[in-house]
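Asker: I have a structure I would like to understand better, so I am pasting it below and will then ask my questions one at a time.
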Amino acid sequence: MENGSTPTGDAKLDQAVGQWLQYDKNPKTASMVQDLVKEGAVEALRKCFSSRMEFGTAGLRAAMGPGVSCMNDLTIIQTTQGFCRYLEQSFGNLKERGVVIGYDARAHPPSGGSSKRFASLAAAVFISRGVPVHLFSDITPTPFVPFTVSHLGLCAGIMVTASHNPKQDNGYKVYWENGAQIVSPHDKEISKAIEENLEPWPESWNTGEALKSPLLKDPYQDSHTQYFKAIQKHCHHREINKRSEVKIVHTSVHGVGHTFVQSAFKAFDLPPPYAVEEQKEPDPEFPTVKYPNPEEGEGVLTLSFALAEREGASVVLANDPDADRLAVAERQESGQWRVFSGNELGALLGWWIFHCWKEQKPDAAAVKNLYMLSSTVSSKILRAIALKEGFHFEETLTGFKWMGNRAKDLLDQGKTVLFAFEEAIGYMCCNSVLDKDGVSAAAIAGEMVSYLATENKSLSQQLTAIHEEYGYHMSKNSYFICHDQAVIRSLFERLRHFGGKENSYPNECGQFSISAVRDLTTGYDSNRPDNKAVLPTSSSSQMITFTFSNGGVATMRTSGTEPKIKYYTELCAAPGNSDVAHLKKELDNLVDAIVENFFEPAKNKLQPKPE
């Protein structure tokens, strides 16, 4: 290890390790790397240094630890230097306007990394370049960062969080001046700028000086006040809320949500929800759950159900650890708990927000100016409501970056964007935040529950009423695990060349006939006169949607962040067709046919989703 020589027998690896030890001033990660060199642990070193974390439209997300493939002090400095340079090129007035930085409660003691530490380092980088930084003085939900970008007219925002990932992970999420997540080509340009600015600038490590700088401001109080003022525009039944006797349980799953959801309920004059004691304080170890992801359903909600049963509460609300998503469960008459899917909650919130809007706006023409959005793999229930009620519905590609940016375009044209959602329990109920927001969604769900109680209706009954009025929408989503890129490619290529030549997709799947195909990898859409898809295409990810003659829709796609091939299926029935058992069986049969004929799990050695 003398004289910076690192004899691993791999010149490129030696160089990467040498450069790292020259740049890294964090004693924990530096000594981790030195120990690996001493032990001659070449494979472990390769894992840390073979490829830098990719900066995509969702920013960064990786495990905390040493090396360029992990989240740590040095990679945060390098990433922020690149981002700062790119912002300097993009905005002449960056030094007047500045940026905002927020963080969650994640920490990784072995490597000395934590969200708060990463946020301070990012602030030091910007301040060293004379850029004003609004650094939250305490943990904050992710939606507060885009809110602050828009509210203060800043150039950009950074949120240090890995949302609902496992505890060892962290992430770096980036917002543009419009208050929405970045889209291409910003990610490519930032990536390039990171590569050009790998050596830490002289002041980048100096968090002590930066935190004393007059350029540093704390937006916590102001953003808090303004956010809870902004969401009150969406409180329509204050009198009902004040008198509400509905008992609701809330869990923040060891994340940041607790105090913010309590404040949101207060802003709506709702009685405070019962907090799950064991989970209400932020804890980076997430000790009571296997995965801190409320999308995984019951396991995460076990303690919530127990508290609800003790208190006689009928509804449970759960945020993920950075409080940008919301899950809802309701106790049924049988005593069983029903966890609503993201699509079902999307239907309920969409119906409710439109219902409240309609009560306020007697002008019949105003509906023509109204928009709701959802991602293309989410339920088409909003489309059905829009058709009947006369407002506009648009779908975007998967991910809130697309909905946030589209919402901003529409708002700039003077349109009203009432609601946007994705099936992964993400909801944008208030356009002061152009991203998913589990805090405002929790309060709005609380008001909806209180209102329905005055009509002696449960959420489940209201969902049935929505389906009776606008048509049943049954969905079934799942995934297979596959670590082999070649298998994934050949599975999708087989579908593209089903009839032996290019763009000859299957025209049936088992007993189900296919009426249309859209392929957003290649840009093909059989429904368009020129066969060209309208939504943006991306050749780097796989995504094909089949429409069936029976009203079914199925999308198969790869995940950007996990080794999964996902499928999303939905059967949309016309209003009046309420034979639910028949529809459910038809959907099950359709899913079985898709799995058997299109996925071929035995042939492709695909692992099913673990139950």
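Asker: Give just the number: which of (1) under 19 Å from SER475 (Cα atoms); (2) of a type outside the set (Ser, Thr, Tyr); (3) out of contact with any helix residue (DSSP H, G or I) (no Cβ under 7 Å at 6 or more places or on another chain) does LEU520 not satisfy?
Answerer: Looking at each condition in turn, LEU520 falls short on (1).
Asker: A follow-up question, please. Being under 11 Å from VAL253 (Cβ atoms) and of a type in the set (Phe, Trp, Tyr) is the filter; apply it to segment 271-297 and report the residue that is least open to solvent (accessible area, probe 1.4 Å).
Answerer: PHE286
Asker: Kindly establish whether SER513 is surrounded by 13 or more Cβ atoms within 10 Å (Cβ to Cβ) and closer than 22 Å to LYS380 by Cβ.
Answerer: Numbers: surrounded by 13 or more Cβ atoms within 10 Å (Cβ to Cβ): no; closer than 22 Å to LYS380 by Cβ: yes.
Considered against the rule, which asks whether it is surrounded by 13 or more Cβ atoms within 10 Å (Cβ to Cβ) and closer than 22 Å to LYS380 by Cβ, SER513 comes out as no.
Asker: Exactly one condition in (1) touching a Pro at 6+ places or on another chain (Cβ under 9 Å); (2) among the aliphatic types (A, V, I, L, M); (3) open to solvent by less than 30 Å² (accessible area, probe 1.4 Å) is not met by ILE466; state its number.
Answerer: With respect to (1) touching a Pro at 6+ places or on another chain (Cβ under 9 Å); (2) among the aliphatic types (A, V, I, L, M); (3) open to solvent by less than 30 Å² (accessible area, probe 1.4 Å), ILE466 is out only on (1).
For (1) small (Gly, Ala, Ser); (2) out of contact with any Asp or Glu (no Cβ under 9 Å at 6 or more places or on another chain); (3) over 17 Å from TYR103 (Cα atoms), each residue gets a yes or a no:
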residue: GLU245; (1), (2), (3): no, yes, yes
residue: PHE260; (1), (2), (3): no, yes, no
residue: ALA267; (1), (2), (3): yes, yes, yes
residue: GLU285; (1), (2), (3): no, yes, no
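Asker: Here is a further query. Among the candidates GLY438, GLY426, single out the residue that is closer than 19 Å to ALA267 by Cα, under 13 Å from the mean Cα position of the chain (by Cα) and either hydrophobic (A, V, I, L, M, F, W, C) or at pLDDT 95 or above (or both).
Answerer: GLY438
Asker: Looking at the structure I just gave you, is ASP322 within 26 Å of LYS401 (Cα to Cα) and out of contact with any Leu (no Cβ under 6 Å at 6 or more places or on another chain)? Steps first, please.
Answerer: Values: within 26 Å of LYS401 (Cα to Cα): yes; out of contact with any Leu (no Cβ under 6 Å at 6 or more places or on another chain): yes.
So ASP322 fits the description; yes.
Asker: What is the residue count in segment 161-181 for residues that are touching a helix residue (DSSP H, G or I) at 6+ places or on another chain (Cβ under 7 Å), open to solvent by 10 Å² or more (accessible area, probe 1.4 Å) and not in a loop (DSSP other than H, G, I, E, B)?
Answerer: 1
Asker: All but one of (1) touching a residue at least 24 places away in the same chain (Cβ under 8 Å); (2) open to solvent by 20 Å² or more (accessible area, probe 1.4 Å) hold for THR259; state the number of the condition that does not hold.
Answerer: (1)
Asker: Another question about this same structure. Against the definition (surrounded by fewer than 22 Cβ atoms within 10 Å (Cβ to Cβ), out of contact with any His (no Cβ under 6 Å at 6 or more places or on another chain), touching a residue at least 24 places away in the same chain (Cβ under 8 Å) and within 30 Å of GLY59 (Cβ to Cβ)), how does ARG496 come out, yes or no? Spell out the reasoning first.
Answerer: Values: surrounded by fewer than 22 Cβ atoms within 10 Å (Cβ to Cβ): yes; out of contact with any His (no Cβ under 6 Å at 6 or more places or on another chain): yes; touching a residue at least 24 places away in the same chain (Cβ under 8 Å): yes; within 30 Å of GLY59 (Cβ to Cβ): no.
No, not satisfied.
Asker: Answer yes or no: is there a residue in segment 571-587 that is loosely packed, with under 14 Cβ neighbours inside 10 Å and at pLDDT 95 or above.
Answerer: Yes, segment 571-587 contains a residue that is loosely packed, with under 14 Cβ neighbours inside 10 Å and at pLDDT 95 or above.
Asker: Pairs needed: first member in segment 103-132, within 17 Å of ARG85 (Cα to Cα); second member anywhere, basic (Lys, Arg) and surrounded by fewer than 24 Cβ atoms within 10 Å (Cβ to Cβ); C-beta distance under 7 Å; at least 6 residues apart or different chains.
Answerer: Short answer, once both residue conditions are applied: GLY130/LYS95; VAL131/LYS95; PRO132/LYS217.
Asker: Here's a follow-up. VAL339 passes all but one of (1) β-branched (Val, Ile, Thr); (2) open to solvent by less than 10 Å² (accessible area, probe 1.4 Å); (3) farther than 30 Å from THR225 by Cβ; which number fails?
Answerer: (2)
Asker: How about segment 469-493: which of its residues are assigned to a helix (DSSP H, G or I) and open to solvent by less than 20 Å² (accessible area, probe 1.4 Å)?
Answerer: Across segment 469-493, the qualifying residues are TYR470, ILE488, LEU491, PHE492.
Asker: Among the strands (runs of 3 or more DSSP E) confined wholly to segment 305-350, which include 3 or more residues that are over 18 Å from SER379 (Cβ atoms)? Spell out the reasoning first.
Answerer: Numbers: elements: 315-319, 326-331, 337-339.
Strands (runs of 3 or more DSSP E) meeting the threshold: 315-319, 326-331.
Asker: Name, by its number, the condition in (1) of a type in the set (A, V, I, L, M); (2) assigned to a strand (DSSP E or B); (3) farther than 23 Å from GLN226 by Cα that does not hold for ALA366.
Answerer: All conditions pass for ALA366, except number (2).
Asker: Sticking with this one: Here is a check on your reading of the model: is PRO219 at pLDDT below 95 and out of contact with any Lys or Arg (no Cβ under 6 Å at 6 or more places or on another chain)? First the steps, then the outcome.
Answerer: Working: at pLDDT below 95: no; out of contact with any Lys or Arg (no Cβ under 6 Å at 6 or more places or on another chain): yes.
Considered against the rule, which asks whether it is at pLDDT below 95 and out of contact with any Lys or Arg (no Cβ under 6 Å at 6 or more places or on another chain), PRO219 comes out as no.
Asker: What do you reckon, is PRO185 surrounded by fewer than 23 Cβ atoms within 10 Å (Cβ to Cβ) and closer than 17 Å to PHE400 by Cα? Working first, answer last.
Answerer: Numbers: surrounded by fewer than 23 Cβ atoms within 10 Å (Cβ to Cβ): yes; closer than 17 Å to PHE400 by Cα: yes.
For PRO185, the condition - surrounded by fewer than 23 Cβ atoms within 10 Å (Cβ to Cβ) and closer than 17 Å to PHE400 by Cα - is met.
Asker: I've got another one for you. Any idea which residue in segment 298-334 is farthest from ALA63 (Cα to Cα), counting only those that are loosely packed, with under 15 Cβ neighbours inside 10 Å and of a type in the set (Gly, Ala, Ser)?
Answerer: First pass over segment 298-334, keeping only residues loosely packed, with under 15 Cβ neighbours inside 10 Å: 298-299, 302, 306, 309-312, 332-334.
Okay, now just the ones that are also of a type in the set (Gly, Ala, Ser), so 299, 306, 312, 334.
Numbers: GLY299: 23, ALA306: 33, GLY312: 40, SER334: 42 Å.
Only one residue tops the list, namely SER334.
Asker: For segment 215-241, name all the residues that are within 15 Å of ALA445 (Cα to Cα) and open to solvent by 10 Å² or more (accessible area, probe 1.4 Å). If you could, list the steps in order and put the result at the bottom.
Answerer: The initial filter retains those residues of segment 215-241 that are within 15 Å of ALA445 (Cα to Cα), namely 231-238, 240-241.
Within segment 215-241, GLN232, LYS233, HIS234, CYS235, HIS236, HIS237, ARG238, ILE240 meet the criteria.
Asker: Sticking with this structure for a sec: Out of (1) open to solvent by 50 Å² or more (accessible area, probe 1.4 Å); (2) at pLDDT 95 or above, what's the single condition that is false for VAL249?
Answerer: Exception for VAL249: condition (1).
Asker: While we're on this one: Taking the criterion of being in contact with a Gly (Cβ under 8 Å, 6 or more places away or on another chain) and open to solvent by 40 Å² or more (accessible area, probe 1.4 Å), would at least one residue in segment 534-543 satisfy it?
Answerer: Kept after step one, since they are in contact with a Gly (Cβ under 8 Å, 6 or more places away or on another chain), are these residues of segment 534-543: 537, 541.
Subset that is open to solvent by 40 Å² or more (accessible area, probe 1.4 Å): 537, 541.
Within segment 534-543, one or more residues are in contact with a Gly (Cβ under 8 Å, 6 or more places away or on another chain) and open to solvent by 40 Å² or more (accessible area, probe 1.4 Å).
Asker: As an exercise: evaluate PHE419 against (1) surrounded by fewer than 22 Cβ atoms within 10 Å (Cβ to Cβ); (2) assigned to a strand (DSSP E or B) and give the number of the one condition it does not meet.
Answerer: (1)
The values are calculated or read from the model by the stated rules, or taken from the named source; none is laboratory data. Computed from a predicted structure; not experimentally measured. Positions of Cβ are generated from backbone atoms using ideal geometry, with glycine treated the same way; all protein chains shown enter the neighbour counts. Ligands, DNA and RNA are stripped out before the accessible areas are found, and what is left, the full protein with its side chains, is counted by its heavy atoms. Shrake-Rupley method; radii C 1.70, N 1.55, O 1.52, S 1.80 Å.
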